[in-house]
Amino acid sequence: MRALDALSIDFAPLVPWPLVVVLGGTAAALVLYALLRRARGAIWRGAAAAVLVIALLNPSLIEERREPLTDVAVVLVDESPSQRLADRQAQTEEALAELEERLKDFPTIETRIVRAAREAGDEGTELFDDLDAALADVSRRRIAGVIALTDGQVHDVPTDLSDLGFDAPVHLLLTGRSDEGDRRLAVTEAPSYGLVGKEIMLTLRVDDLPEAMPGSAAVVHVTRDGERLGPVPIDIGTEIRLPLMIEHAGPTVFELEVDAGPQELSLANNRAVVVVNGVRDRLRVLLVSGEPYPGERSWRNLLKSDPSVDLVHFTILRPPEKQDGTPINELSLIAFPIRELFDLKLDEFDLIIFDRYRRRGVLPRAYFENIARYVEEGGALLESSGSAYAGPLSLFDSPLGRVLPGEPTGEVIERGFLPAVSEIGRRHPVTADLAPVEGPPQWGRWFRTVDTVVRRGVTVMVGADERPLLVLDRFGEGRVAQLMSDQIWLWGRGFEGGGPQAELLRRIAHWLMKEPELEEEDLRATIVEGRLEVTRRSLGLERPTVEVTLPSGETRRLALEDAGQGRWTGLLAAGEIGLYRVSDGTRTAFAARGSLNPREFADLRATPDLMAPLVEASGGAIHRIAESGIPELRLIRPGRDTAGRNWIGLRHNNDHIVTGVERIPVLPAALTLLLVLGATMLAWWREGR
């Protein structure tokens, strides 16, 4: 573009401004007095004084060399997920191509295409952050206008024109169609946590947009951690409260989905996901010790050291060799409340522990049957076997025997041995990392093992002669752990360096409580730094493959790699916002990137409502592409209207940069002297006549 010249005048007084004013005022007063007295030569004396005053002001002509700058027109292209619905993306690309061609007809306009391609986050589509970043190197005086190609679902629209940062029109070219309809499911209220074994309440609402038929109803399908709970009927436009049970500690994922409506833009907002963190109020434990011994105190101290444990502990103090015919109900100062514990309130306990217990008539056979039924219906049982388990008073010979996985052979091995993690135990989360991968474990010995034949379950630790030491088993809906020795207390006492007594028992208890992090057959998925990380824990050795369902509905297969200790892992790029489902055919895991229920999908209809206030305040216009096409473009001078019925305007700002400056004195010293002397001589000549 050619350079332009511009002239201006500048003053650089030779003396301070107040002195110039005083001298000028004095000279003017004297000249005025002379004129009033009709003195000859007063005008010429006044001219000489004026020249002197002007000379003191030191005026100069400033000549600027200016380089005109182009105006910048921004085409802001929305590429958020809602723009991928129906034919919106095609409308956008066609409109963009036509705008680029038309803008080429304006040589003074520089066109910038800003593609707002970031995925919608928790706060929805944010176009104006990308606009600010694209204009970071542009003077706001150069902006001719912004043309936004979007469906109108923009959630960072400035609330005030001053927040926009420039004075130029913002025009909206709207994709989509005015007659669009959609059904959406919204969770209006949900807790972030709930107590295990208690119900939580979700508040749901289903809407048909723009309007539902009177009396319309729908069905919401609910799943919990991939398990289908059943359909829930709901009236359209009406909130309902839905009770749901928290069954385990840790995250519980509830997925809700409503059937398709009469009009659908997308099924993405027909689903909602709620993650509730399950917490235990208190862990209620019933510990029954069959006889006093050093390990009994270790059990009690270990359980009482945890403030989240409510412990009920009973010890049978009567030695087994003492048989004097004393009735059972007279053997204790305080009556053993067996009916309350093992009949009326049995289900209130989270865990029952039998430590070195032998049958001596304290518990009737019916109560052992209650305990077996308690486990079968979801309870937890830990049995620590002493020598009595191999004898005639063994618990195995009670109704509880059908629950216990280890059948005693009658042999008790009493010699020193080093407890070891079995081969399958190295892959089980309860014992996987207790012992080093290579070499013997660095912990103390035990000296007693009850020999058993394992009928069910998994042997995760072995004792003397590789015989079963710790067996974990599922029975019905519940779980059972059986320790074939009563000497784990030696580790707690530090014998020969001790061992991980507290950690092992903590893990056993948490496994019995069905804590997700200790599940031996488990599938997990998390989003880390834009990648989906899948972890499959299994006791098997076969390499697993999982199916990943992306938020868009696309499915991909992912083969996992062996990470050791029973874990298989895999990575997959997670570029989409929303919920990822991972399944191995039997288990399902969920991971979310961004919001589980994005604001972007709350209303998928194309609408001008969100941007209309800004467009109107800036002097822009709104045109729906599908109905009116692309309006005519015009270049408008400042102060004129920037939009009309079938056209939109871009402001011509006439901005420039100064490439050079030249200063030219108006009154050089020689000229000033000549003018003053000339005026003085003319005054003298006039006065002499």
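Per-atom-type breakdown for the chain gives carbon and sulfur 52% of the accessible area (1.4 Å probe, protein chains only). Extension gain, residue 259-residue 634: 0.36 nm per intervening residue step, less the Cα-Cα distance, totals 130.2 nm.
FRET efficiency for the residue 192 to residue 517 pair, using the beta carbon distance and R₀ = 25 Å, is estimated at 0.85. Taking the helices alone, the chain has a mean residue ellipticity at 222 nm of -5500 deg cm²/dmol, built from -39,500 (n - 2.57) per DSSP H run of at least 4 residues and averaged over all its residues.
Computed extension gain for residue 616 through residue 179, at 0.36 nm per residue and net of the alpha carbon distance, reaches 155.0 nm. Computed on the chain, with alpha-carbon pairs under 8 angstrom and 6+ residues apart, the relative contact order is 18 percent. Over all Cα atoms in region 204-257, the spread is summed up by Rg and Dmax: 13.3, 42 Å. If you count Lys pairs in the chain whose Cα atoms are under 24 Å apart, skipping same-chain pairs closer than 8 places in sequence, the total is 5. Taking label positions 7 Å along the Cα-Cβ direction at both residue 344 and residue 159, the computed distance is 6.1 nm, reported to one decimal. Figure legend: label point modelled 7 angstrom from the Cα of residue 455 along Cα→Cβ; residues of region 380-397 with amide N under 13 Å from it are 395-397. For region 246-293, the average shadow cast by the Cα convex hull is 5.8 nm², which is a quarter of the hull's surface. For region 421-471, the set of GluC sites (Glu not before Pro) satisfying both a DSSP loop assignment and a count of at most 15 other C-beta atoms within 10 Å is given as 423, 438.
For the chain, the longest principal axis of the Cα atoms and the long axis of helix 88-103 meet at an angle of about 20 degrees. Across region 479-562, the mean sequence separation of Cα contacts (distance under 8 Å, 6 or more residues apart), normalised by length, yields a relative contact order of 15 percent. Shape summary: the chain maps onto an equivalent ellipsoid whose semi-axes, from the alpha-carbon gyration tensor, are 89, 34, 24 Å in decreasing order. For region 394-529, the equivalent ellipsoid derived from the alpha-carbon gyration tensor has semi-axes of 25, 21, 12 Å in decreasing order. Label zone of residue 301 (point 7 Å out along Cα→Cβ, amide N under 15 Å): in region 495-538 this covers 495-503. Kindly list the residues of region 450-482 that lie in the label zone of residue 284, defined by a backbone N under 19 Å from the point 7 Å along the Cα-to-C-beta vector. It comes to 478-479, nothing else.
Summed over the residues of the chain and divided among them, the accessible surface reaches 49 Å² per residue at a probe radius of 1.4 Å. What is the sum of charges around residue 563, taking Lys and Arg as +1, Asp and Glu as -1, for the other residues whose C-beta is under 10 Å from the C-beta of residue 563? Residues near residue 563 contribute +1 overall.
Here the spin labels are modelled as points 7 Å beyond Cα on the Cα-Cβ line, and at residue 571 and residue 474 they lie 3.2 nm apart.
Take every DSSP beta bridge whose two residues both sit in the chain, then give the antiparallel share in percent to the nearest 5. Close to 65 percent.
How big, on average over all directions, is the shadow cast by the Cα convex hull of region 154-282, in nm²?
11.6 nm²
The values are calculated or read from the model by the stated rules, or taken from the named source; none is laboratory data. Predicted model only: the values in this text are computed from it and were never measured. Using ideal geometry, Cβ is built from the backbone for each residue, glycine included, and neighbour counts are taken over all protein chains shown. For the accessible areas, the whole protein counts, side chains as well, though only heavy atoms, and no ligand, DNA or RNA atoms are used. Shrake-Rupley method; radii C 1.70, N 1.55, O 1.52, S 1.80 Å.
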